[in-house]
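The values are calculated or read from the model by the stated rules, or taken from the named source; none is laboratory data. This structure is a prediction, so every number in the text was calculated from the model and none was measured. Ideal geometry is used to build each Cβ from the backbone, glycine not excepted, and the neighbour counts take in all protein chains shown. These accessible areas exclude ligands, DNA and RNA; they are computed on the full protein's heavy atoms, side chains included. Shrake-Rupley method; radii C 1.70, N 1.55, O 1.52, S 1.80 Å.
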Amino acid sequence: MEAKLFMVSLGAGDIDLVTIKALEVLKSVDAICVPTKSSDKSFSKSLTHKIILKLMQKHEFKKELIPVYSPMRFNPEDWEEEASVVLRACEDNKKVAFVTLGDAGIYSSVYYILDIIKEKNFELYEDCEVVPGITSFSDASARIKKPLCLGDSALEIVPLLDYEVPKTKIFMRPKIGMETSNIKEEGKIYSFENLNFEGEKIYDKKIDRVKKYMTLFVDFFKG
Ligand SMILES: C[S@@+](CC[C@H](N)C(=O)[O-])C[C@H]1O[C@@H](n2cnc3c(N)ncnc32)[C@H](O)[C@@H]1O
């Protein structure tokens, strides 16, 4: 049988900011792939490893930890190597987790690795689940009791680069019944209705008219 892979977001560094879902997944897997910046594959420089150790101690479970050398050089060869470690772990185990800091959707190597896994083992990719987490900036906002956006303000996440970059845009707080023609699609829009609630719907397009207040649109950047 094919292994099951989970890409698990660990949150902003405090183990109490690990979600219950992430914890349950980590308790259920056979092995956890843990990124480390050490080329000798020790965990001496791995913040992620420190979180996993504390988590296992506090919640009284123990798992095989597989080091994934992640030098953060934005080098495709590194991602190939990282993906091959995860793929090997999936050959040797029934359930495997790969862990990442913050949320997997925010500048994490998770999606570089998943792109390679998609090419090499489509079934594993299709069945894989990404578990979301609390971002560093959600934690930063909470620490100083300042909202990231409120009322008629917006939130921008800006990578510190000296060139223009494609943007993901999130559109939220619509009025029920509103037409969406003024939302211009620049990348690829998905519409999300009642996420995690009764009547949840995810559309791989922009819906024409808003039916529920709990609707958001994400125009994902084009890479
Ligand atoms: C590769 S990104 C990963 C972001 C992460 N996935 C998240 O959801 O926050 C790393 C950047 O996030 C920010 N960051 C992540 N953790 C942080 C922390 N504990 N304190 C301050 N900034 C942090 C820093 O700007 C850092 O350079």
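Beta carbons closer than 7 Å, at least 6 apart along the sequence or on distinct chains, pair a first residue in the stretch 58-72 that is over 22 Å from ILE20 (Cα atoms) and in the same structural domain as VAL18 (by TED's automatic domain parsing) with a second that is part of a helix (DSSP H, G or I) and open to solvent by 60 Å² or more (accessible area, probe 1.4 Å) for TYR69/GLU81. Whenever a residue of the stretch 132-157 is free of Cβ contacts under 8 Å to residues at least 60 places away in the same chain, its partners that are within 9 Å of the ligand (Cβ to nearest atom) and open to solvent by less than 60 Å² (accessible area, probe 1.4 Å), lying with C-beta atoms within less than 7 angstrom and at least six residues away or across chains, give the pairs LEU148/PHE137. For the stretch 1-54, the tally of residues that are of a type in the set (S, T, N, Q) and assigned to a strand (DSSP E or B) stands at 2. With respect to the stated conditions, VAL86 fails to be touching a Ser or Thr at 6+ places or on another chain (Cβ under 8 Å) and under 23 Å from LYS27 (Cβ atoms).
When the stretch 107-151 is examined, which residues are found to be within 16 Å of the ligand (Cβ to nearest atom), more than 14 Å from the chain's Cα centre (by Cα) and among the hydrophobic types (A, V, I, L, M, F, W, C)? Result: PHE137, ALA140, ALA142, ILE144, LEU148. Taking the criterion of being away from the ligand (no atom under 14 Å from the Cβ) and in contact (Cβ under 8 Å) with a residue 40 or more places away in the chain, the residues of the stretch 83-101 that qualify are VAL85, VAL86, ALA89, CYS90, GLU91, ASP92, ASN93, LYS94, LYS95, VAL96, ALA97.
Checking each residue in the stretch 135-151 for being touching a helix residue (DSSP H, G or I) at 6+ places or on another chain (Cβ under 7 Å) and open to solvent by 60 Å² or more (accessible area, probe 1.4 Å) picks out PRO147, LEU148. Could you look through the stretch 68-90, keep only residues that are more than 18 Å from the chain's Cα centre (by Cα) and small (Gly, Ala, Ser), and pick out the one that is surrounded by the fewest Cβ atoms within 10 Å (Cβ to Cβ)? Top of the filtered list is SER84.
Please enumerate the residues belonging to the stretch 191-220 that are in a strand (DSSP E or B), surrounded by fewer than 16 Cβ atoms within 10 Å (Cβ to Cβ) and under 22 Å from the mean Cα position of the chain (by Cα). Within the stretch 191-220, LYS201, ILE202, TYR203, LEU216 meet the criteria. Criterion first (outside the structural domain of GLU24 (by TED's automatic domain parsing) and either touching a Phe, Trp or Tyr at 6+ places or on another chain (Cβ under 7 Å) or within 16 Å of the ligand (Cβ to nearest atom) (or both)) does ALA104 satisfy it? The answer is no for ALA104.
If only residues of the stretch 32-50 that are open to solvent by 90 Å² or more (accessible area, probe 1.4 Å) and in contact with a Ser or Thr (Cβ under 9 Å, 6 or more places away or on another chain) are counted, the one that is modelled with the highest pLDDT is LYS37. None of VAL25, VAL18, VAL29 is β-branched (Val, Ile, Thr), open to solvent by less than 40 Å² (accessible area, probe 1.4 Å) and within 16 Å of the ligand (Cβ to nearest atom) except VAL18.
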